[in-house]
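The values are calculated or read from the model by the stated rules, or taken from the named source; none is laboratory data. These figures come from a predicted structure and were not determined experimentally. Methodologically, a virtual Cβ is constructed for each residue, glycine included, from the backbone with ideal geometry; neighbour enumeration extends over all protein chains shown.
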Amino acid sequence: MQLSSLLDRFNEPETLRMAKLGRELRAQGHDLTDMSLGEPDFDTPEHVKAAAIKAVQDNYSHYTPVAGYPDLRAAVCTKLKRDNNLDYQPENVVVSTGAKQSIANLIMAVVDSGDEVIIPTPFWVTYSEIVKLVQGVPVIVTTKIENKYKITPAELEAAITPRTKLFMFSSPCNPTGSVYSKAELTGLAEVFRKHPNIVIMSDEIYEYINYTEYGHQSIAQFSDLKDRIAIINGLSKGYAMTGYRLGYLVANAELVKACEKIQGQMTSGATAVTQRAAIVALTGDQKPTQDMVAQFILRRKRILELLKEIPNIECAEPDGAFYVFPVISAYFGTSDGTDTIKDADDLCMYLLNKAHLSTVTGRAFGDPNCIRISFANSMENIEKGMAKMKAALATLK
Ligand code: PLP
């Protein structure tokens, strides 16, 4: 069969590939410690589960409006006011099957073939791949560990050309955990003011998982830019609802209509039961989320302590999300006598096959000197995983 050339334009997500390899090892009976996954290891809050069960019983089994139920779109606006002091109307919201679909809708709605998309790097694996899928050109701007992997106004300005169409970033960032302060966003906003045609995607899916004193800051707070900002958010991370598949995009009504048109042909509206549960998650008791974050704070502290015990590793402390992204390039060129580690991919495979520890190569996130380790894991697994990593790296000379 002759498959389409579209398939050659992008890669499968490395995160999912590692998860698959890990599952295979586990099925063979190995004691796998999986630190590759980007999802909370907590259960969905009870009151949200109850809302989903009630939705099933109430026969929420029909097609849903493409952009989402009106009361869910309104609930998103309530959340934006409560958490971000942002004023939006339901017509500014389109609900999707996960934030990943919201991002894909946005890229398809604004990027034409040959358009440039600036992506501060390291970035979440999917950004560059969907841009390539629509034949846009990812413009990779490598950020520095000294700047906690945040793009500076000068770096942004230097990357802009007349072909720049979209700027995509996440704060908190997956994989680095960097979180932009208001002052840092102010600096970027000044650059965007000089370039009025650039659309800005602000991925805020890790909003609640924030360890800073200054808390979550959205670039949409700059009201003169608001019209060309698309906020991406969703329930996967903050409410431990990855399997429910619920994300949303918030933008001007024209862009929302464009995303709705695309989604109308791709998938239609998000799952009915999920949407009913999402209303309760967004507007109900937020304590389960706060309790989950309290656990992440403890785990972050522990994993950073344990990483410090491993020689030849440098790691920026994450200010948000649930990953550490250590620089492991000091191990390139080392060997255990059988395998030689050339790059981050080799190191990940070495940890997987020799130590049964699953991580993700930094190459997938645009930084080939690092690996990503998720601490969305029990304390026991974090300790076990870091002990495995320490022992495995000690065998490399
Ligand atoms: N954005 C970022 C930065 C992510 O890390 C993820 C998931 O890993 C998503 C978006 C997509 O989330 P979902 O499609 O589960 O809503």
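Points worth noting:
- Filter result for Lys390 (among the charged types (D, E, K, R), assigned by TED's automatic domain parsing to the domain that holds Cys315 and assigned to a helix (DSSP H, G or I)): yes
- Considering residues of the stretch 317-349 that are within 16 Å of the ligand (Cβ to nearest atom) and outside any loop (DSSP other than H, G, I, E, B) only, the residue surrounded by the fewest Cβ atoms within 10 Å (Cβ to Cβ): Tyr323
- Of all residues in the stretch 10-43, those satisfying the criterion of being in contact with a His (Cβ under 9 Å, 6 or more places away or on another chain) and either in a loop (DSSP other than H, G, I, E, B) or under 17 Å from Gly243 (Cα atoms) (or both) are His30, Asp31, Leu32.
- From the options Val48, Val66, residue that is part of a helix (DSSP H, G or I) and either more than 16 Å from the ligand (Cβ to nearest atom) or at pLDDT 95 or above (or both): Val48
- The requirement of being closer than 30 Å to Thr359 by Cα, surrounded by 17 or more Cβ atoms within 10 Å (Cβ to Cβ) and away from the ligand (no atom under 16 Å from the Cβ) is not satisfied by Leu86.
- Yes/no for Ala277 being within 16 Å of the ligand (Cβ to nearest atom) and assigned by TED's automatic domain parsing to the domain that holds Met108: yes
- Qualifying positions in the stretch 207-248 - farther than 16 Å from Ser171 by Cβ, of a type in the set (D, E, K, R) and in a loop (DSSP other than H, G, I, E, B): Asp224, Arg245
- Test: residue in the stretch 28-39 that is under 15 Å from Tyr239 (Cβ atoms), within 16 Å of the ligand (Cβ to nearest atom) and surrounded by 15 or more Cβ atoms within 10 Å (Cβ to Cβ): yes
- Here Ile130 meets the list (1) closer than 17 Å to Arg363 by Cα; (2) touching a Ser or Thr at 6+ places or on another chain (Cβ under 7 Å) almost entirely, failing just condition (2).
- Pair list, Cβ < 7 Å and 6+ apart or interchain, from the stretch 119-148 residues that are under 16 Å from Tyr323 (Cβ atoms) to residues that are buried (at least 22 other Cβ atoms within 10 Å of the Cβ) and of a type in the set (Gly, Ala, Ser): Thr121/Gly366; Pro122/Gly362; Pro122/Gly366; Phe123/Gly366; Trp124/Ser170; Val125/Ala364; Lys148/Ser178
- Residue list for the stretch 242-279, restricted to those being within 13 Å of Met108 (Cα to Cα) and among the β-branched types (Val, Ile, Thr): Val256, Ile262
- Close pairs (6 angstrom Cβ cut-off, 6 or more residues apart or separate chains): among the charged types (D, E, K, R) in the stretch 267-287, crowded, with 17+ Cβ neighbours inside 10 Å anywhere: Arg276/Ala51; Arg276/Ala55; Arg276/Tyr60
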